[in-house]
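The structure appears below as structure tokens.
Read-outs: derived from the displayed coordinates by stated rules, not from any lab. Just so it is clear, the structure is predicted and the values come from calculations on it, not from any experiment. We place every Cβ from the backbone using ideal geometry, glycine too, and count neighbours over all the protein chains shown.
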Amino acid sequence: MSWTKKILRVNLTEGTCAEEPLNMEWAEKYIGQRGLATKYLVEETDPKVDPLSPENKMIMATGPLTGTTAATGGRYSVITKGPLTGAIACSNSGGFFGAELKNAGWDMIILEGKSPKPVYLSIENDKAQLVDAGDLWGKSVWDTEDLIKEARGDSNIRVAAIGKAGENLALFAGIINDKDRAAGRSGVGAVMGSKNLKAVAVRGTLGVSVADPMKFLAAANAGKKVLAENAVTGEGLPTYGTQVLMNVINEVGALPSHNGGAVQFDGASKIGGEAMHEERATDGKKNLVSNHACFGCPISCGRVSQLDRTHFTVEGTDKYSEPSGGLEYEAAWALGAATDVDDLEALTYVNFLCNEEGMDPISLGSTIAAAMELYEAGKITDAETGGLALKFGSAEALVKAAQMTAAGEGIGKDIGLGSKRLCEKYGSPDASMSVKGQEFPAYDPRGIQGMGLTYATSNRGACHLRSYTVASEILGIPEKTDPLTTDGKAGLVKAFQDATAVYDSAGICIFTSFAWTLDDVTPQIDADLEGEWTSDRLLEAGERIWNLERQYNIAAGFTGKDDTLPKRILKDAAKTGPAEGKTSGLDVMLPEYYQLRGWNADGVPSSETLSRLGV
Amino acid sequence: MKIRIKLYATLGKYLPKGAARNETEIEVADGASPADVIRGLGMPAELCHLVLVDGNYVAPSERDATPLKEGESLAIWPPVAGG
């Protein structure tokens with residue numbers, strides 16, 4: 001089986017690295033990665049812990065398919081209590097780091113305490129040690145990776161690191177691996193920074209075995225065939241990436257712009273996937289250089305972009321002269337549509353900066369949009385911005401604000417708090433487009449009703465990756481539903497949430513679900529692991545994981561009252577598009593959702609539900 | 001009558017000359033349906049996965065029976081996804 005059955009426990013306070021056995025009883029119930037690491041966090045920490053204190057723990061966890069030849073089997077997750085939300089945080093990343101960790105012989109790393117000085121964790125197969133990182137502190141993610149590889153004389157090392165944003169404890173700082181893949185959301189990078197841990201550098205050469213190699217090979221190949229023959233995963237995503245959605249979501253009237261003040265953006269076509277394919281008037285080159293794949297991924301949706309050397313962001317410098325990780329849809333939306341900025345090059349530059357210094361572009365863009373609203377309303381003044389005219393539509397303001405946030409300077413320090421705290425500080429709490437403190441992503445709940453329930457009930461704060469009902473409501477996957485009705489959405493959201501928890505715990509990418517059903521995943525896990533694994537068993541585990549996360553949040557102090565949306569979404573009707581006149585019907589969907597979940601009217605799982613699931 | 005045609009992703013190659021940012025205005029027969037326009041532009045029907053008229057979804061079974069009106073926007077995508 002692919003489990004190495006080994007955990008690396010790192011006590012940063014004591015400076016120790018110790019091996020211990022993986023709890024296989026828990027692995028049987030919680031699959032791996034997101035589910036299993038959540039179980040460890042629940043058992044080992046107080047849910048009321050200060051997220052940035054040494055008492056919080058941070059877990060980097062692989063799934064059973066991580067490092068195998070299963071398509072997209074390179075994922076890992078970072079699980080901790082999130083400083084942006086105070087809720088359970090679980091940020092999932094691709095690239096090559098997760099597979100390298102499994103190849104080094106580790107299923108999971110548990111990081112606890114706080115180092116008295118900056119360090120990085122070096123892992124070379126079974127040898128793990130903490131290394132002084134005094135010379136790396138203050139360096140970017142990119143420089144950190146290069147310096148570690150140079151110092152250790154091995155260009156094959158995989159590095160996950162924080163940049164200045166994580167060091168400065170920006171509450172939406174992320175962890176970046178392989179220079180442009182991110183465990184981006186909920187501030188997991190700030191937790192890493194609070195522990196004085198600059199990076200984790202891994203080299204693994206031990207290989208990954210599975211329980212039944214021939215059966216596994218057949219199942220993995222069958223899965224790859226499905227992905228190759230599917231129009232979305234075989235052609236759409238490789239060619240246009242996630243950015244193909246920009247014009248779709250704008251057309252259906254669900255593209256939040258002007259900080260949620262509108263549901264369509266005039267500049268959408270200038271910043272979407274098609275625009276990245278167009279030759280620029282200035283240099284005749286395209287923004288998009290190529291696509292890029294993570295470990296074991298035949299989809300290859302990642303974008304590689306190059307900046308226009310005449311653009312104001314880089315003019316006169318040689319910085320960012322090499323192609324790098326380009327815009328994904330969520331980033332382009334947050335940095336662009338939310339702020340009314342339609343300058344593709346400026347968005348690309350800020351996206352590079354997010355990768356370079358470790359920031360979540362969704363929360364960054366949304367928080368800058370909130371700051372723009374506060375500036376135009378006179379709540380934030382030139383005194384706070386240092387004279388920066390923080391106006392909607394200003395690419396210069398977006399770029400400068402992003403730079404200041406990465407550096408933790410001036411108004412950037414306030415933006416680094418996230419939109420909830422920023423808007424509370426300046427007396428306009430309703431200007432924060434967030435749920436449980438986390439900024440919501442690129443789908444307006446007035447135009448896609450299921451996403452309102454998704455955001456309101458997501459265990460890590462507003463998020464599209466916990467139940468992507470857009471697939472059904474807009475894209476017709478697996479079947480088309482009406483985005484403007486609340487009917488059936490409670491069941492749809494629950495189904496997506498439980499199934500997604502399986503994908504996130506298995507070590508594979510959720511994008512496979514555009515082509516796969518659980519019945520494509522199950523044979524791969526069944527051949528990989530010991531025992532019998534069925535789709536029903538996996539789905540029940542997904543529901544168990546969802547309820548465990550819910551229980552953690554309740555113990556942390558959240559209640560059903562936190563399952564809500566910004567007042568703007570609940571009270572102010574959409575002004576244009578198919579959703580014109582509509583608000584979110586959350587009040588209709590939420591009680592039905594609680595009932596389907598087996599929770600009481602306050603959103604608390606009943607003892608019967610917890611008993612049935614064995615939570 | 002005139003309608004606005006918008007073709008995205010790999011369907012962009014079927015846009016009439018003069019289109020900018022994946023859209024342009026075209027002349028169609030009064031009462032033409034989305035299916036009529038799709039045929040007129042030589043697009044394979046099976047590639048026209050997401051068909052929207054003024055942002056509202058038109059199911060495959062309705063594409064022949066939904067007359068377009070002057071000034072409406074017909075936007076079409078092949079199977080796509082993201083997130």
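Taking 8 Å as the Cα distance limit and 6 or more residues as the minimum spacing, I'd like the relative contact order of chain B as a percentage.
Numbers: 143 pairs, mean separation 34.2, N = 83.
Relative contact order, chain B: 41 percent.
When N is the residue count of region B:2-77, what does its C-alpha Rg come to as a fraction of 2.2 N^0.38 Å? Walk me through the numbers on the way to the answer.
On the way: Rg = 10.9 Å, N = 76, 2.2 N^0.38 = 11.4 Å.
Cα-based Rg divided by the globular estimate yields 0.96.
Around A:K6, which amide H atoms from residues at least 5 apart in sequence, or from another chain, sit under 5 Å from its own amide H, with H modelled in the peptide plane?
It is A:L22, A:D107, by chain and number.
Let me check the size of region A:405-537 from its C-alpha atoms; what are the radius of gyration and Dmax in Å?
Final numbers for Rg and Dmax: 18.3, 57 Å.
Quick check: residue separation of A:D382 and A:A281 times 0.36 nm, minus the Cα distance between them. What number comes out in nm?
On the way: separation 101, 0.36 × 101 = 36.36 nm, distance 3.49 nm.
Additional length available on full extension: 32.9 nm.
Return A:C90, B:C48 ranked ascending by Cβ neighbour count within 10 Å, so the fewest neighbours appear first. List each step's numbers first, then the result.
On the way: A:C90 32, B:C48 23.
Taking fewest neighbouring Cβ atoms as first place, the list is B:C48, A:C90.
Tell me the label-point distance for the pair A:D602, A:A18, using the 7 Å Cα-to-Cβ offset, in nm and rounded to one decimal.
Each label point is offset 7 Å from its Cα along the Cβ direction, giving 3.9 nm.
Choose one of A:L453, A:L613, A:L465: the residue whose Cα lies farthest towards the positive end of the charge dipole of region A:444-613 (beta-carbon charges +1 Lys, Arg; -1 Asp, Glu; about the Cα centre).
A:L453
Considering Cα pairs under 8 angstrom that are at least six residues apart, work out the relative contact order of region A:444-613 and quote it in whole percent.
Across region A:444-613, relative contact order equals 27 percent.
What net charge do the residues around A:T405 carry, taking every other residue with its C-beta under 14 Å from that of A:T405, with Lys and Arg at +1 and Asp and Glu at -1? Write out the running numbers ahead of the final one.
On the way: positive: A:K164, A:K400, A:K413, A:R421; negative: A:E167, A:E356, A:E357, A:D360, A:E384, A:E409, A:D414, A:E439.
In short, -4.
Please give the per residue volume of the convex hull enclosing the alpha carbon atoms of region A:257-432, rounded to a whole number of Å³. Provide the component values of the computation, followed by the final result.
Numbers: hull volume 21.3 nm³, N = 176.
Considering the Cα atoms of region A:257-432, their hull volume per residue is 121 Å³.
Using alpha-carbon pairs under 8 Å, 6+ residues apart, how would you state the relative contact order of chain A in percent? If you can, show how the numbers build up before the last one.
Values: 1526 pairs, mean separation 98.4, N = 615.
RCO, chain A: 16 percent.
If every alpha-carbon in region A:471-615 counts as one equal scatterer, what log10 I(q)/I(0) does Debye give at q = 0.22 1/Å?
Listed by q, the Debye log ratios stand at -1.39.
Express the Stokes-Einstein translational diffusion coefficient of region A:6-203 in µm² s⁻¹, to the nearest whole number, given a Kirkwood radius over alpha-carbon pairs, 37 °C and a viscosity of 0.692 mPa s. Don't skip to the answer; put the middle values down first.
Values: Rh = 16.1 Å.
Answer, rounded: 204 µm²/s.
Provide, as a two-decimal number, the C-alpha radius of gyration of the protein assembly as shown over 2.2 N^0.38 Å, N being how many residues it has.
On the way: Rg = 24.0 Å, N = 698, 2.2 N^0.38 = 26.5 Å.
That works out to 0.91 for the protein assembly as shown.
What is the sum of charges, Lys and Arg at +1 and Asp and Glu at -1, for the other residues whose Cβ falls under 13 Å from the Cβ of A:A579? Write down the numbers at each step before the final one.
On the way: positive: A:R446, A:K575, A:K582; negative: A:E251, A:D444, A:E473, A:D482, A:D572, A:E580, B:D54.
For residues surrounding A:A579, the net value is -4.
How much FRET efficiency would the formula 1/(1 + (r/R0)^6) give for A:A389 and A:T205, where r is the Cβ-Cβ distance and R0 is 56 Å, rounded to 0.05?
Working: r = 54 Å, r/R0 = 0.96.
Here the calculated transfer efficiency is 0.55.
What are the aspartates and glutamates whose alpha-carbon lies under 12 Å from the alpha-carbon of A:K379, with same-chain residues fewer than 8 places away excluded?
A:E424
On a 20 Å Cα-Cα criterion, which of the cross-link pairs A:K400/A:K575; A:K436/A:K571; A:K6/A:K114; A:K286/B:K13 come out too long?
Details: A:K400/A:K575 31 Å; A:K436/A:K571 18 Å; A:K6/A:K114 23 Å; A:K286/B:K13 17 Å.
Pairs exceeding 20 Å: A:K400/A:K575; A:K6/A:K114.
Considering the options A:T381, A:G153, A:T348, tell which one lies farthest towards the positive end of the dipole of the protein assembly as shown, charges being +1 on Lys and Arg and -1 on Asp and Glu at the Cβ, about the Cα centre.
Checked the options; the winner is A:G153.
Grab the other residues whose beta carbon is less than 14 angstrom from that of A:K480, score K and R as +1, D and E as -1, and report the net.
Details: positive: A:K489, B:R63; negative: A:E473, A:E479, A:D482, A:D487, B:E62.
That sum, taken over residues with Cβ under 14 Å, equals -3.
Taking only DSSP H segments of four or more residues, each worth -39500 (n - 2.57), what value at 222 nm results for chain A once the sum is divided by all its residues, to the nearest 500 deg cm²/dmol? Intermediate values should be presented prior to the final figure.
Working: 26 runs with 239 residues, N = 615.
Calculated from helices alone, the mean residue ellipticity at 222 nm is -11000 deg cm²/dmol.
Quick one: if you stick a label point 7 Å off each Cα along the C-beta vector at A:A293 and B:K13, how many nm between them?
A separation of 2.2 nm, rounded to one decimal place.
Measuring from centroid to centroid over Cα atoms, what is the spacing of region A:299-319 and region A:418-477 in Å?
Centre-to-centre (Cα) distance: 29 Å.
What's the center-to-center distance, using Cα atoms, between region A:65-113 and region A:521-582 in Å?
If we compute the Cα centre of each part, the gap is 19 Å.
What is the order of A:D487, A:D536, fewest Cβ neighbours within 10 Å to most? Let's see the in-between values first.
Working: A:D487 15, A:D536 10.
Ordered from fewest to most neighbouring Cβ atoms within 10 Å, A:D487, A:D536 come out as A:D536, A:D487.
I want to check the label-to-label distance for A:Q129 and A:E25. Put each point 7 Å from Cα in the C-beta direction and report it in nm to one decimal.
It works out to 3.7 nm between the two label points.
Taking the Cα centre of chain B as origin and charging only Cβ (+1 Lys, Arg; -1 Asp, Glu), how large is the dipole, in debye to the nearest 20? Provide the component values of the computation, followed by the final result.
Details: 9 positive and 11 negative charges, 71 e Å.
That gives a dipole near 340 debye.
Residues with amide H under 5 Å of A:V341's amide H, sequence separation 5 or more or different chain, H placed in the peptide plane at 1.01 Å from N; which?
Result for A:V341 returns A:G393.
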